[in-house]
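The values are calculated or read from the model by the stated rules, or taken from the named source; none is laboratory data. Keep in mind that what you see is a predicted model, and the values were worked out from it rather than measured. Glycine gets a Cβ as well: all are built from the backbone with ideal geometry, and neighbour counts include every protein chain shown. Ligands, DNA and RNA are excluded from the accessible area calculation, which covers all protein heavy atoms including side chains. Shrake-Rupley method; radii C 1.70, N 1.55, O 1.52, S 1.80 Å.
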Amino acid sequence: MPRLTQTITAPNGLKYEQPIGLFINNQWVSSSDGKTLSCINPATENEITSVHAATAEDVDAAARAARVAFEGEEWQGIVGTARGRLMLKLADLVESQQHTLATIEAMDNGKPYSQALGDIEEVFSVFRYYGGWADKNYGQTIETSRAKFTYTIREPIGVCGQIIPWNYPLAMAAWKLGPALACGNTVVIKAAEQTPLSILYFANLLVEAGFPPGVVNIINGLGREAGAALVQHPEVDKIAFTGSTTTGKQIMKMASATMKNITLETGGKSPLIIFDDAQLENAVKWAHYGIMGNMGQICTSTSRVFVHENIYDTFLQKFTDYVSKINVIGDPFDEKTYQGPQVSKEQFDKVLGYAQSAKEEGASIFAGGEIAQSRPNGKGYFISPTIVSDVQPHMKVYKEEIFGPFVVFVRFSSEQDVIKMANDTEYGLASALCTSDITRAHRVAGKLKAGMVWINSSNSSDFRVPFGGVKQSGVGRELGQAGLDAYSSIKAIHLNLNLTTSI
Ligand code: ADP
């Protein structure tokens with residue numbers, strides 16, 4: 001019998017039991033063909049453990065379990081208030097285990113422990129928020145004619161497949177699970193192959209909170225195998241995906257065969273515009289947060305910074321000084337560390353490849369663009385924060401999503417020009433601007449083609465506010481009340497009150 005748990009001692013000395021199997025019907029099982037995926041600590045390049053990788057057969061078992069649970073009395077039979085109570089209990093359990101969950105996240109993903117703790121706070125906050133919504137997602141009564149009574153009810157969609165990325169593993173799972181459970185759906189989650197460990201640990205908390213078997217099933221596996229099987233499974237009614245635009249397009253195509261409901265949150269190349277009347281210190285701080293947080297591995301990163309020509313040189317210098325002060329590179333478990341490694345060798349190579357491409361295309365590397373000299377023990381996927389200036393619109397680093405601590409600077413001279421440049425991208429996830437002119441702030445915010453605009457800040461999302469993009473940045477919205485729309489469908493009911501009268 002293959003092992004389904006392993007005792008792990010994390011780099012901070014925490015010893016805990018790590019589940020490594022597939023979580024189906026509230027039970028741990030092994031993969032049908034015995035294949036596993038290796039989990040690497042990106043700060044040390046050492047293997048932490050390996051987890052079972054789901055085959056199409058395993059995905060089928062998970063989807064069927066979710067279907068049986070969806071139809072079953074144990075889940076169907078409880079009202080929203082009771083679902084909400086389960087979710088609040090789950091939130092309490094996550095909060096009580098935050099040290100362990102943040103440790104796992106930091107070890108598996110490479111993010112600094114302090115930032116991982118912030119992720120876990122987001123997780124339990126999201127469950128509390130949606131737990132509160134569970135009995136408040138009403139339909140309407142609609143006045144039509146005296147002869148009939150017409151109303152709508154909100155129903156769960158059914159079995160939801162949720163495909164999770166590696167940049168915020170447990171937080172992204174919570175963004176999807178929160179509204180799905182509040183609305184009464186059942187779920188099969190596929191973790192990203194790079195970062196399955198926190199989601200697997202979390203599975204046991206679902207059982208402890210009292211969720212019936214099959215309501216949430218958690219699998220690991222390769223995207224092209226387990227992910228694709230989930231998207232194509234006939235028992236799956238909805239797919240919610242966060243990841244790259246390329247994969248999002250493949251998912252859209254695959255989901256079309258059974259016309260599944262889909263929510264996609266894909267890539268971005270978000271602009272941040274700094275006008276010459278901006279409060280400079282504030283703008284520098286947010287420009288930094290917008291691209292350097294989470295090692296730049298955020299879909300809403302403001303990775304293109306447009307600065308007015310009057311302040312371009314001063315701003316660039318201040319920004320560079322700020323980066324060299326704040327971006328302390330080191331062990332994710334060292335309190336002083338701001339910047340950990342990129343998540344994987346693949347991402348590390350990709351980001352370094354963009355530095356090379358910037359040089360080849362004639363941009364000027366103002367800072368960084370290489371393996372971090374200060375990486376601990378000369379190992380790990382650490383990159384020095386990279387600032388590229390005077391970038392032109394035809395360059396790859398201007399157009400493509402890099403997903404690293406890598407920012408490009410562009411000069412502009414007029415509001416009209418910069419709006420055009422900011423919108424000149426296939427993406428439309430987020431955007432940001434810094435100015436002291438409130439009228440201009442609203443005018444420009446209205447013209448930016450993006451799902452979200454931050455004024456005098458950057459990347460400051462909030463789980464109470466809808467999140468999502470336009471153009472090739474996605475389909476639909478997550479979070480906030482809008483997140484409930486993605487997980488419920490409206491049924492209209494027409495009751496004829498007077499059978500003898502024609503309408
Ligand atoms: P990245 O390239 O940054 O790893 P992806 O979009 O490929 O981002 O991955 C995000 C998630 O999508 C992961 O859970 C991954 O396993 C999954 N995935 C990748 N390819 C597919 C696919 N063809 N079908 C379904 N899921 C996929």
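What to note about this one:
- Projection of the Cα convex hull of the range 117-229, averaged over all directions and equal to a quarter of that hull's surface, yields 9.2 nm².
- Whole-Å distance, taken between Cα centres, linking the range 307-371 and the range 140-158: 55
- Helix-only mean residue ellipticity at 222 nm for the chain, each DSSP H run of n ≥ 4 adding -39500 (n - 2.57), per residue, nearest 500: -11500 deg cm²/dmol
- Cα-based helix-to-principal-axis angle, 80-96 vs the chain, degrees rounded to 10: 40
- Lysine-lysine proximity count for the range 271-461, Cα under 12 Å, sequence distance 8 or more or distinct chains: 7
- For Gly340, net neighbour charge (Lys/Arg +1, Asp/Glu -1) across residues whose Cβ lies under 14 Å away: -3
- Tilt relative to the chain, helix 438-447 - C-alpha long axis, 0 to 90 degrees, to 10: 60
- Cβ-derived FRET efficiency at R0 35 Å, Asn310 paired with Asn423, nearest 0.05: 0.95
- In this simple spin-label approximation, Asp349 and Ile493 carry label points 7 Å from Cα along the Cα→Cβ vector, and these lie 5.8 nm apart.
- Here the convex hull built on the C-alpha positions of the range 181-251 has a volume of 103 cubic angstrom per residue.
- Using the Stokes-Einstein relation with a Kirkwood hydrodynamic radius computed over Cα pairs, the translational diffusion coefficient of the range 216-271 at 4 °C and a viscosity of 1.567 mPa s comes to 109 µm²/s.
- Calculated translational diffusion coefficient of the range 66-140 (4 °C, 1.567 mPa s; Stokes-Einstein with Kirkwood radius over alpha-carbon pairs) equals 93 µm²/s.
- Other-chain or far-sequence residues with amide H under 5 Å of Gly161's (modelled H): Val188, Asp237, Lys238, Ile239, Ala240
- For the range 49-79 and the range 191-221, distance of Cα centres in Å: 11
- Overall dimensions of the range 11-110, expressed as equivalent-ellipsoid semi-axes from the Cα gyration tensor (√(5λ), whole Å, largest first), are 30, 22, 9.
- Sequence of Arg375, Arg146 from largest to smallest accessible area, 1.4 Å probe: Arg146, Arg375
- Normalised by the number of residues in the chain, the mean separation of alpha-carbon contacts (under 8 Å, six or more apart) gives a relative contact order of 17 percent.
- The Thr258 and Val465 beta-carbon pair, evaluated with R₀ = 25 Å, returns a calculated FRET efficiency of approximately 0.20.
- Percentage relative contact order, the range 351-417, counting C-alpha pairs under 8 Å, at least six apart: 32
- About the centre of its Cα atoms, the range 271-461 shows a dipole size close to 260 debye [charges on the beta carbon of Lys, Arg (+1) and Asp, Glu (-1) only; nearest 20 debye].
- The range 271-461: relative contact order in percent, alpha carbon pairs under 8 Å with at least 6 residues between: 29
- Rg/Rh (Cα only; Kirkwood hydrodynamic radius) as it applies to the range 271-461: 0.96
- Among the GluC sites (Glu not before Pro) within the range 41-127, those in coil by DSSP and having at most 16 neighbouring Cβ atoms inside 10 Å are Glu45.
- Partner lysines for Lys148 [C-alpha distance under 25 Å; skip if fewer than 8 residues away on the same chain]: Lys491
- Descending semi-axes in Å of the chain, equivalent ellipsoid built from Cα gyration tensor: 39, 31, 19
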